[in-house]
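First up is the structure itself, then whatever we jot down about it.
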Amino acid sequence: MERRSYLTTMAAIAGVPVSNRLGTGDDESDGSETDDEIEGDPRPPSELIGTFDDFESLEPWRAYQDIGSISSTTEYAPDGGQAALLEPREDDGQVRVRRELDEPIDVRAVAPGITVAADRDARVRLQLQDSSGHYVEFSRQVRSEMPFVSDNFGLSRVSGEPDLTDVVTVQIVSWFGENADGRLVIDDLYFVPTVGTGTVCLQFHGGYESHYSDALEILEDADTDVPATAFVPTDRIASEDRLTIDQLETLSSAGWTVGSYGARGTPINGSGEVMESNVASPVDWLTGHGFDDGARFLAVPGSQYSEASYEAVQTHYDLAFSGWGLSQGYPSDPHRCAVIVDPDREQAVELLEWTAARGGFTSIAFTTLDSDEDRETLEELVSRLEELAAADLLRVGTPEDLLDAANELEAIGSGDEDSDDVVDDPDEQALEDEETAEAVDPDEEVIEEVEQNEFEGVDEDSETDERSGSESESESESESESESESESESESESESESESESESESESESESEPESAVDQSTDGDDGDSLEVTEDDGIGTSGGTGSSENTSETAGRGWEEIDP
């Protein structure tokens, strides 16, 4: 299948739900619209499914405020077509490009995605902005080791009160780090259907005995059925502090899925026979012990691929989890479904609140449950999950649900199913949104802390603890990068505010006030005061803490979600 045909097909599988509760225009009508008014109606969600911009022409795109550049390239496109090359501004490593739309679009039941590759690790953000400058943002960490692929983007920020029936600007933003060079190639901006009710998938990584002794009891005590998945390193079954085969069979009988965490739970971001065996051998082990269903699923240790291991996983598994993210829709790439590992007690509850309020799939995983704090976190999560599920605001899913949804939506591209049958009616969903808004109030600042404070390590051959790993130095570097980006984003925010106040002011005058922007970003106590101009797709004022924290630590990162 040609790449563009493939992307059009797979576009229907990706995305993250943008709930109607984020804002709508006035949909009431007395049936007396004029022809001009009808012509001005936004394009409905079902008409957006598939490729929205193939970047064969870059005329609609521009670098916003000369932050970086955009140019054409054929170097990376496998089919010889044209893609867009984004390069950052030298002084701060940022690039922002935007397209002003000829007509508004209604994105209440769809979400964006792009095909992307980078020559160094970078966070890429897609922002859908309304005519008032408020926006929703979808993000993804792009790894330099990965090939040019269609990627899954998750809903990571809501700025202001965006009207999702009146999206007039699409902005793509990336940051490579201060004084950093980088090249980002993008192609095939597409929209995909989104799921309605928020769905949480509960996972346990590493095959630890505490998953049987503690987690099983907590889940069985719940009034709500809470299916879970144990991703196990098959070569370590029955070793010290790991699950035995009898315990795995008990978990399976209790409704758990038993999947692969590689042969030893060590990184698979290499190549050669050892990597291939690490990826493939658990499939035979799981099927040989009666765990056939789970043998189709993998949680990638450390959430990092190499190009070779990515291809191996595609060959041996139907679905895999890799990379940080929440509130995702059906994945354009079933082998890079997002997962959040080891949130603390407060963060775990907020992840549920966010998913109930914003919709989509959120996968939450735990490693060891050795401490009282670990067990209390799981108990608190299950308790809140029960409440939200009982109110029909959240459901509990499994990897099977993600795979079934992907297969169903893939039928759209083959013509076996109409997109109108898959895209939810946003007006009907709006009634449910009103009830959800009264029941949950997610704290975006807590979600931001989740991203910044934790990462998942991996087992090394020396039996290194999965949550300490060897990435602490990278985590420290990432914190430093986050601080640098915060200052850089504040400068851009100041530029935008100055431009909004007076169109006659020069850009250089705006850039001369970064201190003011920083002060404004820390004035408020509740993080609810937002000032976003029509010209700037990034920046808040009145919030607490830094405005941007984007770097992901090596192997497992918590990315920024700003209020």
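The values are calculated or read from the model by the stated rules, or taken from the named source; none is laboratory data. Treat the numbers as computed from the prediction; the structure is a model and nothing was measured. For neighbour counting, all protein chains shown are included, and Cβ atoms are generated from backbone atoms with ideal geometry for every residue, glycine included. Areas reflect the complete protein model, heavy atoms only, side chains present, ligands, DNA and RNA absent. Shrake-Rupley method; radii C 1.70, N 1.55, O 1.52, S 1.80 Å.
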query: Along each of its three principal axes, how wide is the spread of alpha-carbon positions in region 74-115, in whole angstrom units, largest first?
result: 35, 33, 19
message: Just want the answer: with Cβ charges of +1 for Lys and Arg and -1 for Asp and Glu, which residue in 247, 302, 364 is farthest toward the dipole's positive end in region 198-412?
response: 302
statement: Ordering 47-59, 291-303, 205-217 by per-residue average of other C-beta atoms within 10 angstrom, highest first, gives 291-303, 205-217, 47-59
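Report, in debye and to the nearest 20, how large the dipole of region 198-412 comes out about its Cα centre when Lys and Arg carry +1 and Asp and Glu carry -1 on their Cβ. Please report the intermediate quantities before stating the final value.
Working: 10 positive and 41 negative charges, 146 e Å.
The dipole of region 198-412 has a size of about 700 debye.
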- request: Over region 198-412, give the accessible area per residue in Å² for a 1.4 Å probe, as an integer.
  value: 33 Å²
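Leaving out ligands, DNA and RNA, and with a 1.4 Å probe, what % of the accessible surface on region 50-193 is carbon or sulfur?
Its accessible area is 38 percent carbon and sulfur atoms.
Given a 1.4 Å probe, how much area per residue of region 64-177 is accessible, in Å²? Provide the component values of the computation, followed by the final result.
Details: 2890 Å² over 114 residues.
In whole numbers, region 64-177 has 25 Å² accessible per residue.
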field: Dipole of region 50-193 [Lys/Arg +1, Asp/Glu -1 at C-beta], most positive-end residue of 72, 169, 192
entry: 192
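All other residues with a Cβ under 9 Å from the Cβ of residue 218 taken together, and with Lys, Arg as +1 and Asp, Glu as -1, what is their net charge? Mind showing how you got there, number by number?
Numbers: positive: 375; negative: 214, 217, 220, 221, 379.
My count for the surroundings of residue 218 gives -4.
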- request: Mark the label point 7 Å from the Cα of residue 101 along Cα→Cβ and return the residues of region 121-154 whose backbone N is within less than 19 Å of it.
  value: 125-139, 153-154
task: Sort 408, 400, 161 by accessible area with a 1.4 Å probe, largest first.
output: 161, 408, 400
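Could you tally the net charge around residue 73, taking each other residue with its Cβ under 13 Å from the Cβ of residue 73, Lys/Arg +1 and Asp/Glu -1?
-4
At 0.36 nm per residue, minus the direct Cα-Cα distance, what do residue 345 and residue 383 gain on full extension? Give it in nm, one decimal, please.
Numbers: separation 38, 0.36 × 38 = 13.68 nm, distance 1.15 nm.
Working it through step by step, the gained length comes to 12.5 nm.
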message: Distance between the C-alpha centers of region 215-257 and region 338-397? Whole Å please.
response: 18 Å
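Just add up the charged neighbours of residue 263: K/R +1, D/E -1, any other residue whose Cβ is under 10 Å from the Cβ of residue 263. Don't skip to the answer; put the middle values down first.
Working: positive: 236, 264; negative: 235.
Surrounding charge for residue 263 is +1.
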statement: Residues of region 94-130 with backbone N under 20 Å of the label point set 7 Å from the Cα of residue 69 along Cα→Cβ are 94-99, 117-120
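Give me the percent of the accessible area of region 198-412 that comes from carbon and sulfur atoms, probe 1.4 Å, all protein chains in place. Please list the in-between numbers first.
On the way: 2740 of 7080 Å².
Percent of accessible area from carbon and sulfur atoms in region 198-412: 39.
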For peptides 309-316, 123-130, sequence by mean Cβ density within 10 Å, most packed first: 123-130, 309-316
- prompt: Going 7 Å from the Cα of residue 238 in the Cα-to-Cβ direction, what parts of region 282-320 have a backbone nitrogen less than 18 Å from that spot?
  reply: 282-291
